[in-house]
1. How many angstrom lie between the Cα centre of region A:140-201 and the Cα centre of region B:338-362?
2. About the Cα centre, and with charges only on the beta carbon of Lys, Arg (+1) and Asp, Glu (-1), how big is the dipole of chain B? Nearest 20 debye, please.
3. Which residue, A:E141, A:E124, A:E38, has the most motion in a Gaussian network model of chain A that connects Cα atoms within less than 10 Å?
4. Distance from the Cα centre of region A:79-113 to that of region B:297-321, in angstrom?
5. Rounded to the nearest 500 deg cm²/dmol, what is the calculated helix-only ellipticity per residue at 222 nm for chain B, with -39500 (n - 2.57) per DSSP H run of length n ≥ 4?
6. Where a Cα-Cα gap under 19 Å defines reach, which aspartates and glutamates qualify for A:K256, not counting those fewer than 8 residues away within the same chain?
7. Put a point 7 Å out from Cα along the line to Cβ at B:R228; what are the distances to that point in the other copies, in nm, shortest first?
8. In the structure displayed, which of B:K112/B:K132; A:K126/A:K181; A:K21/A:K105 lie more than 31 Å apart, Cα to Cα?
2 protein chains.
Amino acid sequence: MKRAYNFNAGPSALPLPVLEKAQAEFINYNSTGMSVMELSHRSKDFEQILENAKNLLKELLDIPDTYEILFLQGGASLQFSMVPMNFLGTDQTAAYALTGSWSEKALKEAKKEGKTAVAASTSEGKYRSIPKQADIILPEEDIAYLHITSNNTIYGTQWHEYPSFEGVDLIADMSSDILCKKIDINQFSLIYAGAQKNLGPSGVTLVILKKELLDRIPDNLPTMLDYRTHVKNNSLYHTPPTFGIYMLSLVLEWVKEQGGVDAIQKHNEHKASLLYECMELYPDFYRPHADKDSRSIMNVTFTLPNEELTKSFLQQAKEKGFVGLAGHRSVGGCRASIYNAVPLEACEALASFMKEFRQANVTVSEI
Amino acid sequence: MKRAYNFNAGPSALPLPVLEKAQAEFINYNSTGMSVMELSHRSKDFEQILENAKNLLKELLDIPDTYEILFLQGGASLQFSMVPMNFLGTDQTAAYALTGSWSEKALKEAKKEGKTAVAASTSEGKYRSIPKQADIILPEEDIAYLHITSNNTIYGTQWHEYPSFEGVDLIADMSSDILCKKIDINQFSLIYAGAQKNLGPSGVTLVILKKELLDRIPDNLPTMLDYRTHVKNNSLYHTPPTFGIYMLSLVLEWVKEQGGVDAIQKHNEHKASLLYECMELYPDFYRPHADKDSRSIMNVTFTLPNEELTKSFLQQAKEKGFVGLAGHRSVGGCRASIYNAVPLEACEALASFMKEFRQANVTVSEI
C-alpha cells in the first residue's frame, strides 16, 4: 500500500506507526475483548489512557503543576466563545491581535460576550506578517487578556516571539502549531488547540490553563461551557471522545519516541526549509505569501505567476499523488501543510516536483 | 480472540462486523492511501461518508424532508443548553417531564436560560415509572416546548407512548434509545442523541430537527451554539469529528443489513425478555427497579436481596467475563445495558448466569 503525500490543512496526516498500532489493537484493546471505543469512560483502562495522555503532555511541553490539562469537544470554534464567557469580566476589555481569519473569528465571538479591542492587526498587509511586540497597543482599560493565534493556517504565518506584557494574561489558539516547537508554557495563561493537526483526529480539543484563572469564572454559565466543570471532573463530566483521546495519547508517545519536541522542531524546520529554499531559488515563479520573518514552519503558502499556472500546478500535483495542496478557498493559491506527522520524504518529493514543474513551465527567456 | 460480554451503559458495544470493516480499511480508506482520520473534512471521500450517514438515517427512521439532520459535538450535555438557548423565548415557558437524572440535568440548564416548568415528575416514586399522558400538566403560559428523556439509562425506564399536545413542540433526548425501535418522527420537533450507545463511538451528537423551528432562533447566540450555523454549513461549519461520523455511518449500514429498525426492535425485545423473564421467575431474588409498564428494552435494572449478594453477583459476573453490570454510581444495584449491538448470545449467557447464581445463593427454604 502506498501512503499518500498528505499535505491536508487539517484533519491531516497521522504518523504511520500510530495508525498501525491503533489498527492492530482496534478490536481487542489490552486484552479486554473490546475496542477502545467500547470501553466505559469510567473504566480503569480508559482512565489509564487519559492519565497517560496528560502525563505525556506535561512531559513534552514541560507543563508545571500550576496548570490544568483538559480534553474537551467543539474545537477552537467553541473556545472562541468559552474564553470570553469565562474570562472577560463585565468592566474589562479583551484585547485581540488579528493575524488572519481565525483570530477574526475569535474576536467576533468575543464581541458577543463583552468589550473588546484590536491590539494589533496585519490585515492591511493582507496578513503577510506577524506584529512585533512594539506594534501591539493595549487599550488603557482593564485588560481581561490578550488573545493571539499562534499560527495562521490560511496565510502561512506564525508567531516566533510571543508578546509579553506585565500583568496581562496571554491566551493563544495553538490549533495549528502546538507541539511543533519548543515553547515556554509559563508565558501563557491559557492555550487551546483542536487536535486535528498535530495531536490526533478531529473531535478533541486540548485546553491547558493556569489554575489561578479559574477564580475569575462567573457563576451560572452553562455547565458544559464552564471550565471548572471539566477541571473538577478530570474531563469526565460527560462522556469524552474516548477514541480521539486514545489516538492523541498514541501520537504523544510517537512524539516522545522521535526525541520529544526539540527533535520534532528540528525535523519541522528541515522540512520547511526544503520548500522555502525552493521558493527563494525561484522567487518569480513561486511567490510566497508570508513575509520571511513571519513565515510558518507548519503551513507554506505561495502562488504561481498566474491563475492558469497555479491550476496546472495543482492538477499535476494531484495526479502525482500529492494531496491537499490547494490554498484555502478564501485566498486561493497553494498551501502545503507540513504538520509534525508529514514525513521528510513527502517534503522532498514536493520540492522535487516544484523544481520539475518550474523547469517545464518557465519560458526560456526567464531561465 | 474472545469478545467480552459488554453491557456497558455507554460508550458501549459496537457490532463486530463494523469494527472489522473499520479495522480493515483503517490505514487505507477507499484506496486513498490515507486513514479516514487523515481525510480533509471538505474532501469528496468525507462528503460521501457524511451524505451516506444522513441518507441512511433518513431511510431507517423515515425522516421527511421537512427535517434537518446534524452531526455536532458536546453530547446531550451541551444540547441541554443549546435547546433552551435556541428555542426558549423571553416570554415563554419550557416544560420538562422529569423521569430521571438526565432530565433533571436538562432542566437545570434550561433554568439558566429562561422560564421553566415541571410538567410531570416520577421522582417521588424513585423514578420507577414513566408518566402517562394524563399525568402531564402543562403550564398555562405560552409553552416553548415540552422536553422528555425517551429512555432513562440509570433507572431503566423508557417511554412507550410519547406525550402529544396540540400545538406543543415535543423535544426528546434519545441518547440511549434512538434506533432501538420504530418511532414516528413527526411526533417530534427536535430529537438529539449522543452517539455512544446505539449509533457509534462517543464524540458525535446527532440532532434531527424540524426546519420550521429554525425561524424561532434569536440572533447573536455564540455561532457554534446556533443550530442555523450547522444547518447552513451541512455540519461542516468547523471540523466535525470525522472518524466518529464514519463509524456512525458503518453502524447505520449494519442496522440496515439487520433488516432495519423493525428487525432491530424485535431483536431488542427478545433480548430484553430473556432478562425480564428471569426476574419475573425469581421476583424475590432479582428485584426490578422499573415498573413493568415502564421498563426499558435498553437498560435492565435490578437489585438483589441485600448488598452482600449484589456485590457477590457483580464480582462473579466480572470473573465470568461480563462487563459493565454495576448500576450507576448514583443508585447502585445492577444494570445490564443491552443496546442494539449487544448480541443475543450475551443476553442468553447473562440469563443463564443469573439462574445459576440464584440457584447457588438462595437458601433451601426459599426454593
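1. Using only Cα atoms to place each centre, the spacing works out to 53 Å.
2. 920 debye
3. So, out of A:E141, A:E124, A:E38, the one fluctuating most is A:E124.
4. Using only Cα atoms, the two centres lie 50 Å from each other.
5. -11500 deg cm²/dmol
6. A:E20, A:E51, A:E59, A:D62, A:D177, A:D184, A:E269
7. 3.3
8. A:K21/A:K105
Taken together, the values in this text are just the output of simple stated rules run on the coordinates, not laboratory data. On a predicted model such as this, the values are computed, not experimentally measured, just so you know. For neighbour counting, all protein chains shown are included, and Cβ atoms are generated from backbone atoms with ideal geometry for every residue, glycine included.
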